[in-house]
Amino acid sequence: MVLNLAESNPTRCGLQAPGVLEALALPESLVYTPDPRGLIRARKALGERLLCKPEELFLAASTSEAYGWLFKLLCDPGDAVLVPKPGYPLFDYLAGLEGVRALPYALDYRHPRGWAIDIDRLLLDAAREKAKAIVLINPNNPTGSYIRADERVRIVEACACLGMAIIADEVFLPYALEDDGAQRSFGGESACLCFTLDGLSKLLCLPQLKLAWLRLSGPEALLAEASARLEIIADAYLSAGAPAMNALPSLLPAADGFVLSLQKRMQENMAALRGLFEEEGSPYRVLRCEGGWTAVLECPRVDSDEELALGLLLHAGVLVHPGYLFEFERDGYLTISLIVPPEQFRRGAAAMRGYLDGLLSL
Ligand SMILES: Cc1ncc(COP(=O)(O)O)c(C=O)c1O
């Protein structure tokens, strides 16, 4: 049997938010009352959680769909948006499908400080390419790095000055793994046009419900125009389903407790990984991870990432992802999902260590 340490589908990790089936069975969902921004009762409940007005919110079927809407809203074909590298391999496709260029900006790693955006280069590229938006994944997947306060100041300033928008993807925001308070939302950022994305996929581990949200903020005139235009895009799709929207008010109160229990599991898994790989003088390193669902293990480059991942699968029965899937600069990185059940995680990580040690001793 393969020990799957690449599993990031929460519905296969024994994670179950409470009260889902009951919440989906409301009679209101038998009636069709389309609203381009999403049903008001759902937006009111969200507004209470996010401390914002329902008018600042749009509902969509997923954050992936929300990206598509935003690229349509902000870009003409051929325009550029900036996306993080290493990063989740989704944005090239989402941008490409809208005829938009996804230009990578680099995150560099310094141990033990962690990941930082190469801001000078990012801002130069943004200005040269006349980028329409900067995608900030807060925290980024798979680097687990939140946008730092100093990075935020410079990016917001540049966006305001160059007329760029921020698309802040905060699906992992509450899943902090370190206690240094770096997790500050972009929701409500008012100095430039800002779209903050989140949804049920990660907040309650319910990707199958297909419900996500965008919060709009920014200078008044820009915001009014963007809201009006986004309403036309959303009205063309009307894609959020009534059962999920009607369920939202009864699902949201469980979110904080649910996040806390998953955070505990992830902390346990991270401690197990560090315990297995980071003894004094170890040739391995678990990279600093401030939040999110993914750990990154750095290994000696005895083989390409692909060969390492294939060897682990074939000879140790452990499935992990090679770093190149997330466009790491070079070989030597494997990514591991922190949401898998701890027993499976420990056994898989121990088998990995055994196999990798074997390669090093050859
Ligand atoms: C950073 C990030 N944003 C968005 C998504 C997609 O989420 P959704 O299910 O809401 O489309 C993922 C998927 O894992 C992700 O890693």
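The values are calculated or read from the model by the stated rules, or taken from the named source; none is laboratory data. A quick note: this is a predicted structure, and the numbers were derived from the prediction, not measured. Backbone-built Cβ (ideal geometry, glycine too); neighbour counts: all protein chains shown. All accessible areas refer to the heavy atoms of the entire protein, side chains included, with ligands and DNA or RNA removed. Shrake-Rupley method; radii C 1.70, N 1.55, O 1.52, S 1.80 Å.
Mind scanning Lys44/Lys132; Lys44/Lys264; Lys53/Lys202 and naming the pairs with a C-alpha gap bigger than 26 Å? In this structure, Lys44/Lys132; Lys44/Lys264 lie more than 26 Å apart at Cα. Please state the relative contact order of the chain as a whole percent: Cα pairs under 8 Å, 6+ residues apart? Relative CO of the chain lands at 24 percent. Packing around the peptides 246-254, 10-18, taken as the average count of other Cβ atoms within 10 Å per residue, puts them in this order, highest first: 246-254, 10-18. For His315, the solvent-accessible surface with a 1.4 Å probe is about 140 Å², rounded to the nearest 10. Of the peptides 155-163, 220-228, the ranking by mean beta-carbon count within 10 Å, highest at the top, reads 155-163, 220-228. Taking Cα atoms only, the orientation of helix 149-162 departs from the longest principal axis of the chain by about 40 degrees.
Using only the Cα atoms, work out Rg/Rh for segment 91-157, with Rh taken as the Kirkwood radius, to two decimals.
0.97
Convex hull over the Cα atoms of the chain, averaged projected area in nm²? Numbers along the way, then the final one.
Details: hull surface 72.6 nm².
Hull-based average projected area comes out at 18.1 nm².
Computed with a 1.4 Å probe over protein heavy atoms only, the accessible surface of segment 17-254 comes to 43 Å² per residue. Shape class of segment 1-125 from the Cα gyration tensor (axes a ≥ b ≥ c, square roots of the eigenvalues): oblate, since a/c reaches 1.5 or more and a/b does not exceed b/c.
A simple rule links phi to the HN-Hα coupling: the Karplus curve 6.51 cos²θ - 1.76 cosθ + 1.60 with θ = phi - 60°, which for segment 58-75 gives 10, 9, 9, 6, 6, 5, 4, 5, 4, 4, x, 4, 5, 5, 5, 5, 9, 10 Hz, with x for Gly and Pro.
Ordering of 329-337, 296-304, 199-207 by packing is 199-207, 329-337, 296-304, highest average first (other Cβ atoms within 10 Å, averaged per residue). Computed over segment 132-205, the Cα gyration tensor eigenvalues convert (square root of 5λ each) into semi-axes of 22, 14, 10 Å, ordered from largest to smallest. Applying a 4.7 Å Cβ-Cβ cutoff to the chain leaves Cys13, Cys52, Cys75, Cys161, Cys194, Cys205, Cys289, Cys299 as cysteine residues with no disulfide-compatible partner. Structural descriptor for segment 203-303: relative contact order 20 percent, calculated from alpha carbon pairs under 8 angstrom and at least 6 residues apart. Only DSSP H runs of four or more residues enter the estimate; each adds -39500 (n - 2.57), and after division by the residues of the chain the mean residue ellipticity at 222 nm equals -12000 deg cm²/dmol.
Given Cβ point charges of +1 (Lys, Arg) and -1 (Asp, Glu) and nothing else, what value in debye, to the nearest 20, does the dipole of segment 17-254 about its Cα centre take?
Charge dipole of segment 17-254: 100 debye, to the nearest 20.
Take Thr143: with every protein chain present and a 1.4 Å probe, its accessible area is about 0 Å². Taken along its principal axes, the alpha carbon cloud of segment 226-273 reaches lengths of 49, 24, 15 Å, longest axis first.
Whole-Å semi-axes of segment 191-329's equivalent ellipsoid, largest first, each the root of 5 times a Cα gyration tensor eigenvalue?
Those come to 40, 20, 17 Å.
For segment 41-167, the carbon plus sulfur part of the accessible surface works out to 54%, probe radius 1.4 Å.
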